[in-house]
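Okay, structure first, notes after.
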């Protein structure tokens, strides 16, 4: 740290109970977050409260309350953290608009119109979930949305249950890793002091290779048995499918092109 033209070393924060208690705030946050997921309430607001709880309890074990508080505020004002938070807020608003506009229903409609079954339906689910996750930048939202609709339809269409679920998770991971508005992409760019486009371009070749290999495996292992009831599957998909959200793919594509160009 530079002060008055001279380099000064930041004072190390000491905790009552030794260095091991320095991980107490992070431990509290992790266990509270896991608890929120277990009870089915993994909301951002709850995780913020978990983080604040961890920080507050950590302060009770700090030997220097003022120094502990000062370090918190200095890190909150850190440029890297501020850029990441601002980008995350804008990206969250954008992805929320896309998700609320019926984009998942539109992608389900595309899969419904292809009228595939067995392994080919599994491959379609993988591509569709990857497309949706890349558009909205959320892996969890992709898993929730596609598991509720595409998974039961795939089962009655003869898809392998394990492969079908793997296709949904793989597509979600694809988008979460590659999407320009994904929180992981934004944080990676901010913490490594590079631009989002550079992160996306550097990941693109690895993601595409892994996706090609995955697609082949889904075709080979994605089929389970013959379709149980195509009529039942068509009913499940038709209840959710809605093509009106397809135009929302345009802004998602624009964001992706701008990010990598």
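For the chain, the longest principal axis of the alpha carbon atoms and the long axis of helix 44-61 meet at an angle near 30°. Each of residue 44 and residue 86 was given a label point 7 Å from its Cα along the Cα-to-Cβ line. The distance between the two points is 1.7 nm. Across q = 0.11, 0.16 Å⁻¹, the chain modelled as identical point scatterers on its alpha-carbon atoms has Debye log10 I(q)/I(0) values of -0.73, -1.18, in the order of the q list. Normalised size of segment 136-261, defined as Cα radius of gyration per 2.2 N^0.38 Å with N residues, equals 1.22. Normalised by 2.2 N^0.38 Å, with N the number of residues, the alpha-carbon radius of gyration of segment 169-212 equals 1.10.
Taking label points 7 Å from Cα along the Cα-to-Cβ direction, residue 93 and residue 219 give a separation of 4.3 nm. When you count the other C-beta atoms within 10 angstrom of each residue and take the mean per peptide, 199-211, 148-160 line up highest first as 148-160, 199-211.
Translational diffusion of segment 70-225, estimated by Stokes-Einstein from the Kirkwood radius over alpha carbon pairs at 20 °C in a medium of 1.002 mPa s, is 131 µm² per second. The average projected area of segment 2-77, computed from the convex hull of its Cα atoms over all directions, is 6.1 nm².
Readers should treat all values here as calculations from the given coordinates under stated rules, not as data from a laboratory. Computed from a predicted model, the values in this text were never measured in an experiment. Glycine also receives a Cβ, built like all others from the backbone with ideal geometry; neighbour counts cover every protein chain displayed.
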